[in-house]
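Chemist: Before anything else, here's the structure in question.
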Amino acid sequence: MKKLCLGTVVLGALLAANAAAAADLPYRMPAYKAPVVPSPPFNWTGCYIGGHVGGGFGHTRWTAPAAGDAETTNHDVDGVLGGGQIGCNYQTGSWVFGAEADASWADLTGSGLDDLSLGTQTDHTKVDFLGTVTGRAGVAWDRALFYAKGGAAWAHDQLAVTFNPTGQTVATADNTLWGWTVGAGVEYAFAPNWSAKVEYDYLNFGSQSATFSAPAAPFNFDLGQHIDVVKAGVNCKFY
């Protein structure tokens, strides 16, 4: 019994000593980790300005009203383009609605033999400017926007008739065509105020009259034209 009591006393003394030693150690607060706050979803609401580059390819059909609307030439045009755009978006939920205007310098060229001249003349088309004013509607998936667009379109053509084989120009015309456009694209916001896009547009101008200047007397051709445009661009949201 005496040994048991002695052992109990010794054990108690050791525990008391350990407690006293622990009391002398500095108190350390448990490590605290701040909760991770998820970043808010990107919002497409605002106005932007930007630029684009790309290419176009289309088709032009010339007919002569004076010859009973007989076709004189039917040829393709293609080349490069570049320009700028400005617009505004409004986002509600996942839907994004907006309006955009763009204009492009272009170098879309093509030519074909004049069928009514028995091969003695060539008709030339050069589209040097084009543009659109459209509404846009799309669905946003955070920083990605998938959209469709549609509205009005215009194009400016430089037209010429040359004599074969000398290449001498015998008639010219400058003509502005008005029509409609539809398109679609995808845009991605890679920074708070910056986004990049890839877009396809179809422009149709129906059939419109062009007046040519010639040494003998002016005359008219009717032009039917449509153009496909593929472009890549960058936008900066400024508001």
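The values are calculated or read from the model by the stated rules, or taken from the named source; none is laboratory data. Computed from a predicted structure; not experimentally measured. Ideal geometry is used to build each Cβ from the backbone, glycine not excepted, and the neighbour counts take in all protein chains shown.
Chemist: In region 109-142, how many residues are closer than 17 Å to GLU199 by Cβ and surrounded by fewer than 17 Cβ atoms within 10 Å (Cβ to Cβ)? If you could, list the steps in order and put the result at the bottom.
Modeler: Taking region 109-142 as the starting set, the residues that turn out to be closer than 17 Å to GLU199 by Cβ are 130-140.
Then keep just the ones that are surrounded by fewer than 17 Cβ atoms within 10 Å (Cβ to Cβ); that gives 133, 135, 137, 139.
Number satisfying all stated conditions: 4.
Chemist: Still on this model: In region 100-147, how many residues are within 26 Å of VAL234 (Cα to Cα), touching a residue at least 40 places away in the same chain (Cβ under 8 Å) and not β-branched (Val, Ile, Thr)?
Modeler: Total meeting the criteria: 18.
Chemist: Right, something else. Looking at ALA106, ALA64, can you tell me which residue is more than 26 Å from THR181 (Cβ to Cβ) and surrounded by 14 or more Cβ atoms within 10 Å (Cβ to Cβ)? Give the derivation first.
Modeler: Details: ALA106 fails: more than 26 Å from THR181 (Cβ to Cβ).
Every option except ALA64 fails the conditions.
Chemist: What number of residues within region 179-191 are loosely packed, with under 15 Cβ neighbours inside 10 Å and free of Cβ contacts under 8 Å to residues at least 40 places away in the same chain?
Modeler: 1
Chemist: On the basis of being modelled with pLDDT under 95, surrounded by 15 or more Cβ atoms within 10 Å (Cβ to Cβ) and in a strand (DSSP E or B), does PHE205 make the cut? Spell out how you get there, then give the answer.
Modeler: Working: modelled with pLDDT under 95: no; surrounded by 15 or more Cβ atoms within 10 Å (Cβ to Cβ): yes; in a strand (DSSP E or B): yes.
Answer is no for this residue.
Chemist: Let me ask something additional. Identify, from the list ALA171, ALA189, the residue that is under 15 Å from the mean Cα position of the chain (by Cα) and either under 23 Å from LEU113 (Cβ atoms) or at pLDDT 95 or above (or both).
Modeler: On the way: ALA171 fails: under 15 Å from the mean Cα position of the chain (by Cα).
None of the other options fit; the residue is ALA189.
Chemist: Return the pairs, sorted by first residue and then second, in which the second residue is surrounded by 21 or more Cβ atoms within 10 Å (Cβ to Cβ) and among the polar types (S, T, N, Q), the first residue lies in region 220-233 and is under 30 Å from GLU187 (Cβ atoms), the beta carbons are less than 6 Å apart, and the residues are 6+ apart or on different chains.
Modeler: GLN225/THR60
Chemist: Same structure, new question: For region 134-175, name all the residues that are in a loop (DSSP other than H, G, I, E, B) and small (Gly, Ala, Ser). Even if it seems obvious, please write down each step before you answer.
Modeler: Quick first cut of region 134-175, residues in a loop (DSSP other than H, G, I, E, B) only: 142-143, 164-167.
Within region 134-175, GLY167 is the sole residue that qualifies.
Chemist: Whether any residue in region 38-46 is assigned to a strand (DSSP E or B) and modelled with pLDDT of 90 or more is what I want to check. Talk me through it step by step, then tell me what you get.
Modeler: Taking region 38-46 first, the residues assigned to a strand (DSSP E or B) are 46.
Restricting the remaining residues to those that are modelled with pLDDT of 90 or more gives 46.
Within region 38-46, one or more residues are assigned to a strand (DSSP E or B) and modelled with pLDDT of 90 or more.
Chemist: For region 46-95, how many residues meet the condition of being farther than 30 Å from GLY138 by Cα and out of contact with any Lys or Arg (no Cβ under 6 Å at 6 or more places or on another chain)?
Modeler: Within region 46-95, the first condition is being farther than 30 Å from GLY138 by Cα, and the residues that meet it are 60-77.
Filter once more, keeping what is out of contact with any Lys or Arg (no Cβ under 6 Å at 6 or more places or on another chain): 60-73, 75-77.
Residues in region 46-95 being farther than 30 Å from GLY138 by Cα and out of contact with any Lys or Arg (no Cβ under 6 Å at 6 or more places or on another chain): 17 in total.
Chemist: On to the next question. Select, from GLY82, GLY87, the only residue that is touching a residue at least 12 places away in the same chain (Cβ under 8 Å) and surrounded by fewer than 18 Cβ atoms within 10 Å (Cβ to Cβ). Don't jump to the end; show me each part of the working.
Modeler: On the way: GLY87 fails: surrounded by fewer than 18 Cβ atoms within 10 Å (Cβ to Cβ).
The match here is GLY82.
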